[in-house]
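Working notes, beginning with the structure itself.
The values are calculated or read from the model by the stated rules, or taken from the named source; none is laboratory data. The model shown is predicted, which means the values in this text are computed figures rather than measured ones. Cβ sites come from the backbone with ideal geometry, for glycine too, and all protein chains shown count toward neighbours.
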Amino acid sequence: MLTVPAYAAPSATEPLVPTTIQRRDTGANDVLIAIRYAGICHSDIHLVRGDWGPVTYPQVVGHEIAGEVVEVGSNVTKFEVGDRVGVGCMVNSCRECENCLAGFENYCLNGNTQTYGSVDRDGTITQGGYSTHVVVNEDFVLRLPEEIPYEAAAPLLCAGITTYSPLAHWNAGPGKKVAVVGLGGLGHLAVKLAAAMGADVTVLSQTLSKKEDGLRFGAKDYYATSDPATFDQLANRFDLIINTVSAPLDLSKYLGLLRLDGTMVNVGAPAEPLPITVFTLFGNRRSFAGSGIGSIAETQEMLDFCAAHGIAPEIELISADAINDAYERVLRSDVRYRFVIDASTL
């Protein structure tokens, strides 16, 4: 066992604190990763504060991990010591169900093993990337292209794949009108990715305060959803809407923006239920869908796409002692656009 520094939540109401955690020995099919950078995701905050259900504390979160391989197991063939690698939202799956066998371990029917807050194969609770090292099965490790700045790579492992997957699945590209709801950690990457795919991109945000950024990221239009006229002006316009916000919305208003056979995909994860009026779907044969993260293969595809198109998240690099302040700033939407922890400060 390896004892490593980490930052953990002792309860749902207390600030995160420095601690140490145990990492398992590197198994035959495992790689030991020295974590260099870890992104802060809104999901981290939801989980440690108990928004999504009971939590076993203390809990170390973080599922946007960029690091370097420092040890490999005897059976490892995909990685060598010194490789730049990443770990996203899952670290294992059953490998046996229909979805896993089809290459969709992210939709494992028996529930994949999440990077934090899941019961691991040895019965312990998985602990995430706000730490200096992690041991992961090689099949759930990603290769980070050299073209992506090391410190900016981490958020792609969650925010990047969470937005890339629905854009790819619903065929965002030339001739498609795509709207992105919210220009935050997920939203700004959705804009960059959709624009690189060739889609006509519009940002829908509460205000116009980030309009200059949205246009710089590749959007052609930018509208304030606080203005009621927006929903009249954009009615029946979009083929695809990606909703990235983790707060309740009036879904009927947004669904009304879809053209014939258009789809609204929710990737934000609010703690509250989202009511929907079925009659809104009847008009224009609209669809409302959800999308989680992508498979390991799709995540690697996303990383390679970002490398080829020069896409990286906009980040603010912080030290570990700023994590609690960063959480409060995320909740105030006071970050442009993703916090990344320098793991050397843990």
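What the table below lists for this structure:
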{"item": "Those residues of segment 260-280 which are at pLDDT 90 or above, surrounded by fewer than 18 Cβ atoms within 10 Å (Cβ to Cβ) and out of contact with any helix residue (DSSP H, G or I) (no Cβ under 6 Å at 6 or more places or on another chain), in sequence order", "result": "none"}
{"item": "Pair list, Cβ < 7 Å and 6+ apart or interchain, from segment 290-306 residues that are closer than 12 Å to LEU156 by Cβ to residues that are of a type in the set (Lys, Arg)", "result": "GLN300/ARG143"}
{"item": "For SER165: the one exception among (1) in contact with a Ser or Thr (Cβ under 6 Å, 6 or more places away or on another chain); (2) crowded, with 24+ Cβ neighbours inside 10 Å", "result": "(2)"}
{"item": "Positions within segment 26-58 being touching a Gly at 6+ places or on another chain (Cβ under 6 Å), more than 17 Å from ARG143 (Cβ to Cβ) and either without any contact (Cβ under 8 Å) to a residue 24 or more places away in the chain or surrounded by fewer than 23 Cβ atoms within 10 Å (Cβ to Cβ) (or both), in sequence order", "result": "THR26, GLY27, ALA28, LEU47"}
{"item": "Yes/no for PRO145 being closer than 21 Å to ILE311 by Cβ, in contact with a strand residue (DSSP E or B) (Cβ under 7 Å, 6 or more places away or on another chain) and at pLDDT 95 or above", "result": "no"}
{"item": "Residue pairs meeting the criteria (Cβ under 7 Å; at least 6 apart or on separate chains; first in the same structural domain as HIS63 (by TED's automatic domain parsing) and under 15 Å from LEU47 (Cβ atoms), in segment 1-17; second in a strand (DSSP E or B) and aromatic (Phe, Trp, Tyr))", "result": "LEU16/TYR7"}
{"item": "Test result for PHE282, free of Cβ contacts under 8 Å to residues at least 24 places away in the same chain and of a type in the set (A, V, I, L, M, F, W, C)", "result": "yes"}
{"item": "Qualifying positions in segment 68-101 - out of contact with any strand residue (DSSP E or B) (no Cβ under 9 Å at 6 or more places or on another chain), among the hydroxyl-bearing types (Ser, Thr, Tyr) and without any contact (Cβ under 8 Å) to a residue 60 or more places away in the chain", "result": "SER74"}
{"item": "Strands (runs of 3 or more DSSP E) (entirely within segment 1-44) containing at least 2 residues that are within 14 Å of VAL72 (Cα to Cα)", "result": "30-39"}
{"item": "Residue match in segment 74-90 (condition: polar (S, T, N, Q) and buried (at least 16 other Cβ atoms within 10 Å of the Cβ))", "result": "no"}
{"item": "Every residue from segment 28-39 that is within 17 Å of ASP120 (Cβ to Cβ) and touching a Ser or Thr at 6+ places or on another chain (Cβ under 9 Å)", "result": "ALA28, ASN29, LEU32"}
{"item": "Any pair with Cβ under 6 angstrom, 6 or more apart, that starts in segment 174-190 at a residue that is under 20 Å from PHE339 (Cα atoms) and ends at one that is basic (Lys, Arg)", "result": "LEU183/LYS210; GLY185/ARG338"}
{"item": "Restricting segment 185-218 to residues that are under 16 Å from PRO313 (Cβ atoms) and of a type in the set (Gly, Ala, Ser), the residue that is surrounded by the fewest Cβ atoms within 10 Å (Cβ to Cβ)", "result": "GLY218"}
{"item": "Odd one out for VAL135 among (1) among the β-branched types (Val, Ile, Thr); (2) touching a Ser or Thr at 6+ places or on another chain (Cβ under 9 Å); (3) at pLDDT below 95", "result": "(3)"}
{"item": "Residue check, PRO15 surrounded by fewer than 16 Cβ atoms within 10 Å (Cβ to Cβ) and closer than 24 Å to TYR337 by Cα", "result": "yes"}
{"item": "Sole residue being modelled with pLDDT under 95 and assigned by TED's automatic domain parsing to the domain that holds CYS89, chosen from ARG332, ARG285", "result": "ARG332"}
{"item": "Residue under evaluation ARG143, criteria (1) touching a helix residue (DSSP H, G or I) at 6+ places or on another chain (Cβ under 7 Å); (2) of a type outside the set (A, V, I, L, M, F, W, C); (3) surrounded by 22 or more Cβ atoms within 10 Å (Cβ to Cβ); (4) within 30 Å of THR3 (Cβ to Cβ), criterion not met", "result": "(3)"}
